[in-house]
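Trainee: Pasting a structure below so you can have a look.
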Amino acid sequence: MMVFSRFERFWHWSQAALIITMMVTGFEVNGAYEWLGYERAAQWHRFAAWFLIGLWVFVLFWHAITGEWKQYIPTRRGIMAVVQYYTTGILDASVPHPYRKTRMAKHNPLQRLAYLAFNVLISPVIWISGLLYMFYNDWVRTGLEGPVTLGDVALVHTAAAFAMLVFFVGHVYLAAFAGKPFYAYLKAMLTGYDLLYVDPNDPHAPGRRPPDRCG
C-alpha cells in the first residue's frame with residue numbers, strides 16, 4: 001500500500017543529502033580535517049544551508065495544509081514495547097515489530113519523540129546559531145555584540161551539529177537493522193509502499209465507504 005507520497009520521499013532524500021553536505025563541510029570548517037579547503041567548504045556549507053531553509057519552508061507549508069503534522073504528535077502509548085524491540089528484538093528475526101503502522105499513524109512512539117527532538121530542539125538551535133554566525137558582521141546594528149561572542153555562537157553551533165550527527169547515525173542504524181527484512185524501511189522510502197495495519201477508525205481506509213456528507 002502507498003504510504004509515503006512522492007513529495008515525502010523527495011523532501012526526505014533531499015533533506016538527507018543537504019544535511020550530510022552540511023555535516024561534512026561544517027566539520028571541515030571547524031578544523032576536524034582537511035578535504036575541500038576552508039573557503040570551498042564554507043561556501044558549500046552556506047549553499048546547502050540556504051537550500052535546506054528553502055526546502056523546509058515548503059515542507060512546513062505541505063505539513064500544514066495536508067494535516068500530516070499530526071503524524072509527529074508524541075505519545076507514550078506502547079513506547080516501552082518499541083524500546084524493548086529496538087534493544088533486543090531486532091537481534092531475533094522471529095520477533096515481530098510491536099508497532100502496527102497505519103495510514104493515520106506512520107511513526108511509532110519512539111520515532112515521534114526522536115522527530116520532536118529533531119524539530120523542536122536540534123534544528124532551531126542549529127539554525128539560530130548558524131544564522132548568527134553567518135551574519136556576524138551585522139551584530140553591531142542589532143546590539144548583539146558584547147553580550148554574546150562569536151566563540152559562544154560557534155560552540156553552541158558545534159554542539160548542535162554533534163547532536164545532529166548522533167540523530168543521523170541513530171536514524172541510519174535503525175533504518176538498516178530494525179526492519180524485517182533489513183531493507184524494509186529503505187525500500188519503503190524509495191518506493192513509497194509499505195505494509196499497513198488497517199485502522200477500523202480510519203474513514204479513508206481502503207475498502208471503507210466514505211462518510212455520507214449529504215445527510
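Trainee: When you scan the range 111-129, do you find a residue that is aromatic (Phe, Trp, Tyr) and assigned to a loop (DSSP other than H, G, I, E, B), even just one?
Mentor: For the range 111-129, residues aromatic (Phe, Trp, Tyr) and assigned to a loop (DSSP other than H, G, I, E, B): absent.
Trainee: Still on this structure, I have one more. Of all residues in the range 172-196, which are assigned to a loop (DSSP other than H, G, I, E, B) and either modelled with pLDDT of 80 or more or loosely packed, with under 13 Cβ neighbours inside 10 Å (or both)?
Mentor: Result: Pro181, Tyr183, Gly192, Leu195.
Trainee: Quick one: Lys101 ticks every box in (1) more than 16 Å from Gly170 (Cα to Cα); (2) assigned to a helix (DSSP H, G or I) except a single one, so which number is it?
Mentor: Of the numbered conditions (1) more than 16 Å from Gly170 (Cα to Cα); (2) assigned to a helix (DSSP H, G or I), the odd one out for Lys101 is (2).
Trainee: Identify the residue in the range 99-122 that is without any contact (Cβ under 8 Å) to a residue 40 or more places away in the chain and buried (at least 16 other Cβ atoms within 10 Å of the Cβ) and, among all such residues, is farthest from the chain's Cα centre (by Cα).
Mentor: Restricting to residues being without any contact (Cβ under 8 Å) to a residue 40 or more places away in the chain and buried (at least 16 other Cβ atoms within 10 Å of the Cβ), the top hit is Tyr99.
Trainee: Answer yes if at least one residue in the range 77-92 is assigned to a helix (DSSP H, G or I), under 22 Å from the mean Cα position of the chain (by Cα), of a type in the set (S, T, N, Q) and at pLDDT 90 or above, and no otherwise.
Mentor: Checked the range 77-92: no residue is assigned to a helix (DSSP H, G or I), under 22 Å from the mean Cα position of the chain (by Cα), of a type in the set (S, T, N, Q) and at pLDDT 90 or above.
Trainee: A further question follows. Could you check Leu36 against (1) in contact with a Ser or Thr (Cβ under 8 Å, 6 or more places away or on another chain); (2) in a helix (DSSP H, G or I); (3) more than 22 Å from Leu150 (Cβ to Cβ) and say which number it fails?
Mentor: Of the numbered conditions (1) in contact with a Ser or Thr (Cβ under 8 Å, 6 or more places away or on another chain); (2) in a helix (DSSP H, G or I); (3) more than 22 Å from Leu150 (Cβ to Cβ), the odd one out for Leu36 is (2).
The values are calculated or read from the model by the stated rules, or taken from the named source; none is laboratory data. Fair warning: this is a prediction, and the values are worked out from it, not measured in the lab. Note: ideal-geometry Cβ built from the backbone for every residue, glycine included; neighbour counts use all protein chains shown.
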